[in-house]
1. In what sequence do 413, 288 fall when counting other Cβ within 10 Å, fewest first?
2. Students often get this wrong, so check it: of 144/393; 144/252; 189/393; 144/177; 156/247; 156/393, which have C-alpha atoms separated by over 32 Å?
3. Taking the Cα atoms of region 356-416, what is the range of coordinates along each of the three principal axes, in descending order and whole Å?
4. First select every other residue whose beta carbon is under 9 angstrom from the beta carbon of residue 279; then total the charges, Lys and Arg +1, Asp and Glu -1.
5. I'd like the distance separating the alpha-carbon centroids of region 383-398 and region 325-369, in whole Å.
6. Over the Cα atoms, compute the radius of gyration (one decimal) and Dmax (the largest Cα-Cα distance, rounded to a whole number) for region 102-184, in Å.
7. Along the positive direction of the dipole of region 288-434 (beta-carbon charges: Lys, Arg +1; Asp, Glu -1; about the Cα centre), which of 322, 382, 308 reaches farthest?
8. How high is the FRET efficiency from residue 246 to residue 350, r the C-beta distance, R0 56 Å, rounded to 0.05?
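What follows draws every value from the coordinates through simple rules; no lab data is involved. Since the model is a prediction, treat every value here as computed from it, not as a measurement. No Cβ is skipped: glycine too gets one built from the backbone with ideal geometry, and neighbour counts run over all protein chains shown.
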Amino acid sequence: MALCEALLRLPDNNDESADCKVFVKRRIVKELLLRIRFIGFAILPAMLLTACGGGGGNIVSPSRSVLNSQTMAAITRAHTPPRPPAPAPHAIPDQVPNAAGRWQSVAAASPFGSNGAGTALLMTDGTVMVQDNASSWYSLAPDKTGSYLNGTWTQKASLPAGYGPLYFASAVLGDGKLVINGGEYNFFKSAESNRGAIYDPAANAWTSISAPPGWTRVGDAQSVVLAQGTYMLGNCCTDLQALLSEKSLTWKSAGGGKADGNSEEGWTLLPSGEVLTVDVGSEPNSELYNPGTRSWSSAGTVPVNLTQQFETGPEILRPNGTVFAAGASAHTAVYTIGTGSWSTGPDFPKVAGQQLDIADGPAAVLTNGNVLMAASPSVYQAPAYFYEFNGTKLVRTSGPSDATNDSSYNIRLLLLPTGQVLETDGSDTVEIYT
């Protein structure tokens with residue numbers, strides 16, 4: 001209730017605080033509903049009215065009817081911090097006896113400075129484009145032997161003026177161009193930006209892209225390149241999705257019928273061409289998007305709750321025909337594509353008395369089918385611990401040099417053509433896992 005009281009003291013003319021009030025009230029109502037199923041309906045109205053300070057008109061039943069695009073547009077959750085709440089840097093390597101792999105820093109001097117290295121994407125020519133968490137981009141090219149550890153950094157064109165997003169949608173298209181949209185932050189200031197841009201590596205130039213019609217926010221959206229090559233973008237704050245026509249740089253609706261808003265969810269492209277997501281707003285539901293019918297349908301009930309504080313973890317396709325989904329809670333789950341069913345995966349352990357989770361965290365599938373991931377205690381806390389999921393259990397492995405200063409959410413992992421994994425964490429150091 002202390003959180004409710006603090007929120008209710010904020011002025012309602014502040015869009016962020018008002019939206020948070022609506023969201024928190026809904027979550028409290030949901031928790032009450034779960035906890036009082038055995039209590040007679042005679043006392044239910046009174047309990048709902050006392051939640052979060054009385055019976056104001058913003059309390060709404062968490063049913064599908066309130067999850068239309070107009071309602072979801074009003075929901076803004078608390079922002080992921082732009083930087084982790086880290087202790088003073090001390091860069092103590094995470095030593096794990098008999099670890100499956102080891103970490104090494106890229107030898108070339110890192111160009112990112114105080115902004116740090118952020119989002120990294122593998123281009124079709126084998127180079128890696130890395131953003132500095134603002135408007136600058138740099139390319140890492142492997143040496144003539146194919147070594148990224150001994151590769152070379154080259155500065156590339158900066159984004160259009162005034163656009164420097166942090167936490168945004170991104171993808172590399174089939175023709176080699178790189179597209180980005182949104183940004184929860186812009187130059188480290190809260191924004192939920194609706195800007196976008198597309199990069200042509202041949203011309204070394206960015207071109208601005210307008211948001212889909214009517215989208216005032218895109219924010220920390222999700223995206224996926226569908227099997228036919230079309231880029232699909234989600235709206236951070238509604239249940240809407242849009243498809244990009246790359247030739248004209250215009251948008252059309254991706255259809256509709258999603259059970260909840262897109263916020264904080266991830267999308268996984270399946271071999272069938274469908275897209276799987278684990279819902280955050282209507283957990284423990286999961287959904288499938290069919291590009292042919294441009295519609296969403298249920299993918300079943302996830303057997304454990306993967307959400308915490310309106311966050312979830314990564315979901316990633318493994319070569320054995322399953323999708324491993326890790327939670328912002330301690331839990332994980334496995335989706336078997338052939339049967340369309342979910343099963344419970346292993347829980348993250350406690351380390352030094354602290355429960356690990358993977359809120360907003362990364363994962364990468366290795367060439368042996370294992371999933372490499374970074375977990376950390378609570379939500380947004382340091383330090384980070386690295387694990388491999390081998391299909392049965394979570395096996396601790398070594399972490400990069402700055403893992404003690406990291407939370408899971410500020411780490412990015414990218415599989416390289418060599419089978420190694422490149423890691424960035426918002427610091428000036430870029431490391432590779434072998």
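1. Ascending Cβ contact count within 10 Å gives the list 288, 413.
2. Beyond 32 Å: 144/393; 144/252; 189/393; 156/393.
3. 30, 24, 19
4. It works out to a net charge of -3.
5. Measuring centre to centre over Cα atoms gives 10 Å.
6. 13.1, 39
7. 322
8. 0.75
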